[in-house]
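Visitor: One structure, as structure tokens, below. Some questions next.
All of the numbers you see were taken from the coordinates with simple rules; none came from a lab. Not measured: the values here are computed from a predicted model. When we count neighbours, we look across all protein chains shown, and the Cβ atoms used for this are built from the backbone with ideal geometry, even at glycine.
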Amino acid sequence: MKKIAAQTKANLLVDHSALDDPNLIFKCEGGGFTRLDKIFNGQLQRVLETFNEFIWKDGEANAA
């Protein structure tokens, strides 16, 4: 969770392609979307949508 939050702050968007990007920490250390989705019991897409929805609430990035 902490890595997802940190990358979200850095990129302002974490999605399926970001998790599979070999240059980002998720693929290097986390195994990418497929492995992380297993950790989140198949709910990773929903978690990402919730994160991104919160961050972009009202059309602006929220300060964390």
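Visitor: Just to confirm a number: summing +1 for Lys and Arg and -1 for Asp and Glu over residues other than Glu49 whose beta-carbon lies under 14 angstrom from that of Glu49, what do you get?
Guide: Net of charged neighbours comes to -1.
Visitor: So, R0 is 25 Å and r is the distance between the beta-carbons of Asp20 and Phe54; what FRET efficiency does that work out to, to 0.05?
Guide: 0.65
Visitor: Collect residues whose amide H, placed 1.01 Å from N in the peptide plane, falls under 5 Å from the amide H of Asp20; neighbours closer than 5 in sequence don't count.
Guide: Hits under the 5 Å cutoff: Phe33.
Visitor: Taking 0.36 nm per residue of sequence separation and subtracting the Cα-Cα distance, how much length would be gained by fully extending the chain between Gln43 and Glu29, in nm to one decimal?
Guide: So the extension gain works out to 3.1 nm.
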